[in-house]
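The values are calculated or read from the model by the stated rules, or taken from the named source; none is laboratory data. Small disclaimer: the values here were computed from a predicted structure and weren't measured. Using ideal geometry, Cβ is built from the backbone for each residue, glycine included, and neighbour counts are taken over all protein chains shown. Ligands, DNA and RNA are stripped out before the accessible areas are found, and what is left, the full protein with its side chains, is counted by its heavy atoms. Shrake-Rupley method; radii C 1.70, N 1.55, O 1.52, S 1.80 Å.
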Amino acid sequence: MKNIKYLLLRRVTQIGILLLYFGANAYGWSILSGTFGSSLLFGSVPLADPYTTLQVLATGFVLGSDVLLGAAIITLFYFVVGGRAFCSWICPINMVTDLANWLRRKLQLDKEQTTHRFLKRKARYWIMVLGLIVSAVVGIAAFEVLSPITIMQRGIIFGFGAGVSVVIAIFLFDLFGVKNGWCGHLCPLGASYSLIGKASLIRVDHDHEACTNCMKCKVVCPESHVLHMVNKESIMVTDGECTNCGRCIDVCGDDALKFSIRNYLKKEQ
Amino acid sequence: MATSDNNRRKFIATTLQSVGLTALGGLLWSGYSDEVKASALVLRPPGAIKEEDFLKACIKCGLCAEACQNRETNIDRHTGLSKAGTLQMAKGGDHQLIGTPFFVPTEVPCYMCEDIPCVPVCPSGALDQLSVSNEAGELDINKSRMGLAVVHKESCIAFWGIQCDACYRACPLLGEAITIEMHRNERTGKHTFMLPIVHDTVCTGCGLCEAACVTEKPAIFVLPNEIAKGVAGDHYVKGWDKADEARIENAKAEETVTELSKEGTAAGYLNSGDLY
Ligand code: SF4
Ligand code: SF4
Ligand code: SF4
Ligand code: SF4
Ligand code: SF4
């Protein structure tokens, strides 16, 4: 049981949140309504996605204060729980790409991990900036036109239509194309949460004394480069690209990894 | 030395590659985005701002559609269950900007709810509450302008002389947005044409008339305002209408000089006697 604790918790959270959103439309629940772009918590607290908000602002439209306040609340929230906690605990696409990744391992598709010359993990930051530029030039929130995240979420709430093809495309790309292709290389939304994650409080902590160098964590981690300290130093995973998914903690048999709170007061060693 | 040269060349190559790919991506992305916002034939929720701005503003939260879906008046009287709401969130295949709310009158028209549940929930400003409020600041759905109903008289059976006032009776603003104009039917000599006429100063574009129309494909249908309405331009003024004259109060006369007119004004030329 131990080695799927966080995985289970995440799936329960992801599905639970989607259920709340679904119920808001289907049954008029008011716990969490709207979509990730902008939501209402308990019918009163506004929430808004920071990157979506920036895209709308880039078009030159002066947004309502509810959205701005909502974006501030969400930024603050992920500053505490870890930027890309959104990715691994909320985003529905994560279930799709995790499944693709799991299948890859089962089918042993990534035996020879090739370095993709054209596709670097930094690409997402370029795409993120490009998204804002295109928004400004064309006059619509550019990533929202093709975002598989909200297409999938709206699909679940309002019905999929042809939008399902985008989700399938992501699945196939991650399965047969590039390992961690979408979430680890392309997704600008994940990139924006990575930036918040750079300074986040809740992070994974590594205890190098306890580590037996089994490398299970690196195999399972979707952003394995963030675990560069494993069996080298006892420091925290401070890279914003860590999704706080806790899979590394799950699979570690030696208690060498755990969630911890970054202490800004203590001088970082 | 050779390796550092090699490294530099490699660095320049990868930088060029990144820049090139970014530019390519940007161009493709812009082209695609521009394409998807092109559809002009769309009816937006009440209070929606100008389409061009709406496309920028709407954050695609769906709160308007959810409010419409869950409004109290959307309960089926017979089953007690809620019916399909008016507002749909565009999905792939709808050929509208994905994630934005719209409605199709022949599927579900807008019922012009007095409390307009769909508008105040909009967090972004894409739906403007002020535009559907009266002077006292109270919500007033009659102020909404989702579109304009247009009658295609060749397929409207009332224009054939057959009695039908389905659209008229369906209109929440009957007698104002649609009136019935009577004309003598010369063909039979003893009947009256009862023609539905839409008035754009009152019609909200709710589409209840379109949904009620009895013809196979509705002869009355709602079009977006920008498409349904012509513009006469500033040089045509209703001289008998004070309000219309006010429209050109600040208009400035612009004098252009051409080869012919540079010698004198048009009036001078016309009065010079050369014409006869
Ligand atoms: S990287 Fe993007 S798609 Fe993947 S989990 Fe994060 S937000 Fe979702
Ligand atoms: S370091 Fe651990 S928590 Fe972070 S992404 Fe990798 S597996 Fe998940
Ligand atoms: S006014 Fe029209 S769109 Fe708005 S909630 Fe009522 S029926 Fe729906
Ligand atoms: S409530 Fe406003 S921002 Fe949200 S989907 Fe409707 S129009 Fe767009
Ligand atoms: S759309 Fe039709 S029913 Fe609605 S106000 Fe206009 S004329 Fe009346």
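Counting only protein chains, not ligands or nucleic acids, how are B:Y236, A:Y193 ordered by accessible area (probe 1.4 Å), most first?
B:Y236, A:Y193
Restricting attention to chain A, give the cysteines that have no other cysteine Cβ less than 4.7 angstrom from their Cβ.
That list is A:C87, A:C91, A:C183, A:C187, A:C211, A:C214, A:C221, A:C242, A:C245, A:C252.
Please report the orientation-averaged projected area of the range A:122-204, defined via the convex hull of its C-alpha atoms, in nm².
7.1
Dividing the alpha-carbon radius of gyration of the range B:135-242 by 2.2 N^0.38 Å (N being the number of residues), what value is obtained?
The value comes to 1.22.
Going by a ≥ b ≥ c, the root eigenvalues of the Cα gyration tensor, does the range A:27-68 fall in the rounded group (a/c under 1.5), the prolate group (a/b larger than b/c) or the oblate group?
Verdict is prolate for the range A:27-68.
If I build a Gaussian network model for chain B, linking alpha-carbon pairs within less than 10 angstrom, which residue out of B:A177, B:A126, B:A13 has the largest mean-square fluctuation?
Fluctuation is largest for B:A13.
When Rg is the radius of gyration of the Cα atoms in the range B:29-144 and Rh is its Kirkwood radius, what does Rg/Rh come to?
With Rg and the Kirkwood Rh in hand, the quotient comes to 0.99.
Using a 7 Å offset from the Cα along the Cα-to-Cβ direction at both B:E51 and A:L109, what is the distance between the two label points in nm, to one decimal?
4.1
Which value in deg cm²/dmol, rounded to the nearest 500, describes the helix-derived mean residue ellipticity at 222 nm for chain B, given -39,500 (n - 2.57) per DSSP H run of n ≥ 4 and division by the residue count?
The per-residue figure over chain B is -7500 deg cm²/dmol.
Name all residues of the range B:211-240 having a backbone nitrogen under 12 Å from the label point set 7 Å from the Cα of B:E254 along its Cα→Cβ direction, giving them as ranges.
B:234-235
With an 8 Å Cα cut-off and a minimum separation of 6 or more residues, compute the relative contact order for the range A:2-195 in percent.
25
Can you list the residues of the range B:115-150 that have at least 50 square angstrom less accessible area with all protein chains present than in their chain by itself, probe 1.4 Å?
B:P123
Please give the net charge around B:A246, taking every other residue with its beta carbon less than 13 angstrom from that of B:A246, where Lys and Arg add +1 and Asp and Glu add -1.
-2
Which residues' amide hydrogens lie under 5 Å from the amide hydrogen of A:L119, considering only partners 5 or more residues apart or on another chain, with H built in the peptide plane?
Amide H to amide H, under 5 Å and 5 or more residues apart or across chains, A:L119 pairs with nothing.
Under the rule of at least 5 residues apart or a separate chain, name every residue whose amide H is placed under 5 Å from the amide H of A:F259.
A:D205
Once the mean 1/r over all distinct Cα pairs of the range A:201-261 is inverted, what Kirkwood radius in angstroms do you read off?
By the Kirkwood definition, the hydrodynamic radius is 11.1 Å.
Between B:S155 and B:A38, what is the FRET efficiency for a Förster distance of 25 Å, r being their Cβ-Cβ separation, to the nearest 0.05?
The formula returns an efficiency of 0.35 here.
For the range B:29-144, what is the charge dipole size about the Cα centre, in debye to the nearest 20, if Lys and Arg each add +1 at the Cβ and Asp and Glu each add -1 at the Cβ?
Using Cβ point charges on Lys, Arg, Asp and Glu, the range B:29-144 gives about 300 debye.
From other protein chains only, count the Cβ atoms within 10 Å of every residue's Cβ in A:145-157, then give the mean.
For this peptide, the per-residue mean of nearby foreign Cβ atoms is 4.
Counting only protein heavy atoms and using a 1.4 Å probe, what share of the accessible area of the protein assembly as shown belongs to carbon plus sulfur, as a whole percent?
The computed percentage sits at 61.
Chains A and B: what accessible area do they bury, summed, in square angstrom to the nearest 100, with a 1.4 Å probe?
Adding both sides of the contact gives about 3300 Å².
May I ask you to derive the relative contact order of the range B:29-144, considering only C-alpha pairs under 8 Å and at least 6 residues apart, and to give it as an integer percent?
This gives 32 percent for the range B:29-144.
If r is the Cβ-Cβ distance from A:L20 to B:Q129 and R0 is 25 Å, what FRET efficiency results, to the nearest 0.05?
Efficiency computed from Cβ-Cβ geometry: 0.40.
Could you work out how far apart the two model spin labels at A:Y27 and B:L81 are, taking each label as a point 7 Å from the Cα in the direction of the beta carbon, and quote it in nm?
Calculated label separation equals 1.5 nm.
Cα to Cα, under 29 Å, and not fewer than 8 places away if on the same chain: which lysines meet these conditions relative to A:K120?
A:K106, A:K111, A:K179, A:K198, A:K216, A:K218, A:K232, A:K258, B:K10
B:Y32 accessible area, nearest 10 Å², 1.4 Å probe?
Rounded to the nearest 10, that gives 110 Å².
How high is the FRET efficiency from A:D207 to B:L16, r the C-beta distance, R0 41 Å, rounded to 0.05?
0.40
Can you list the equivalent-ellipsoid semi-axes of the protein assembly as shown, largest first and in whole Å, using the square root of 5 times each Cα gyration tensor eigenvalue?
The three semi-axes for the protein assembly as shown are 57, 31, 21 Å.
What whole-number distance in Å separates the alpha-carbon centres of the range B:201-233 and the range A:57-98?
Cα centroid to Cα centroid, the span is 40 Å.
Give me the extension gain from A:H225 to A:A162: residue separation times 0.36 nm, minus the current Cα-Cα distance, reported in nm with one decimal.
19.1 nm
So if I place +1 on the C-beta of Lys and Arg and -1 on the C-beta of Asp and Glu, and nothing else carries charge, what would the dipole magnitude of the protein assembly as shown be about its Cα centre? I want it in debye, nearest 20.
2860
Points 7 angstrom from Cα along the Cβ direction at B:D244 and B:E186: gap in nanometres?
The two pseudo-label positions are separated by 2.7 nm.
Need one value: the accessible area of A:L54 in square angstrom, 1.4 angstrom probe, rounded to the nearest 10.
90
Summarise the partner chain shielding of A:120-129 as one whole number: the mean count of Cβ atoms from other chains within 10 Å of each residue's Cβ.
The mean count of partner-chain Cβ atoms within 10 Å per residue comes to 2.
What residue among A:I133, A:I15, A:V226 has its Cα farthest toward the positive end of the dipole of chain A, where the charges are +1 on Lys, Arg and -1 on Asp, Glu, each on the Cβ?
A:V226
Of the options B:I197, B:G20, A:G43, report the single residue whose Cα projects farthest towards the positive end of the charge dipole of the protein assembly as shown (beta-carbon charges: Lys, Arg +1; Asp, Glu -1).
After comparing all options, I get B:G20.
In whole Å, what is the distance between the alpha-carbon centres of the range B:8-59 and the range B:78-136?
Cα centres, the range B:8-59 to the range B:78-136: 26 Å.
Could you tell me whether chain B comes out rounded, prolate or oblate from its Cα gyration tensor? Rule is a ≥ b ≥ c as square roots of the eigenvalues, rounded for a/c under 1.5, then prolate if a/b exceeds b/c, otherwise oblate.
Here chain B falls in the oblate category.
What percentages make up the Cα-Cα pair-distance distribution of chain A when the bins are 10 Å wide from 0?
7, 27, 37, 22, 7, 0
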